[in-house]
Structure formats: C-alpha cells, structure tokens
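Note sheet for the following structure.
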Amino acid sequence: MKKSNLGKELVLLLATTLLTMASWVGFEIYRAYTNTDLPPGVEQHLESFDPILKTEVLSTLEQMTP
C-alpha cells in the first residue's frame, strides 16, 4: 500500500517541478526578448543605412588596390 502512495506523490512532485521549470524558462525567454538595454553611447553610433551605392568610393578603392 505504501509503495502506491509513494508513486503518486513522486509523479505529483515531478509534474509540479516540470511546470515550474517550464514557466521559469518561458518567462526568461519573454524577458530576454522584451528587454532592450543599450549601453550608453551606442545610439550615437546607430545611423540609418543609405541604400544608394557611392561609385566615387568604389573607384577610389579600385585605385588603391595593386
């Protein structure tokens, strides 16, 4: 009789532990995706990308290569 009761308690303990671990991992993933802490000074280095190709720079680079 004791063995059956111990098995049920063990299953309950394992299920509770699994639920706790899954919740913990889920909340950590959510926190990692929503938290955007940038170090100070990074924003000054961020600038918009200009998709227009500058041919002057390319010709200067071609002249520099042997």
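The values are calculated or read from the model by the stated rules, or taken from the named source; none is laboratory data. Source: prediction; values computed, not measured. Here Cβ is always computed from backbone atoms with ideal geometry, including for glycine, and neighbour counts include all displayed protein chains.
Within segment 19-37, none of the residues are surrounded by fewer than 10 Cβ atoms within 10 Å (Cβ to Cβ) and either in contact with a helix residue (DSSP H, G or I) (Cβ under 8 Å, 6 or more places away or on another chain) or at positive phi (or both). In the set (1) part of a helix (DSSP H, G or I); (2) loosely packed, with under 10 Cβ neighbours inside 10 Å, Pro51 fails one condition alone, (1). Once segment 29-64 is narrowed to residues that are among the polar types (S, T, N, Q) and modelled with pLDDT of 80 or more, the residue that is farthest from the chain's Cα centre (by Cα) is Gln63.
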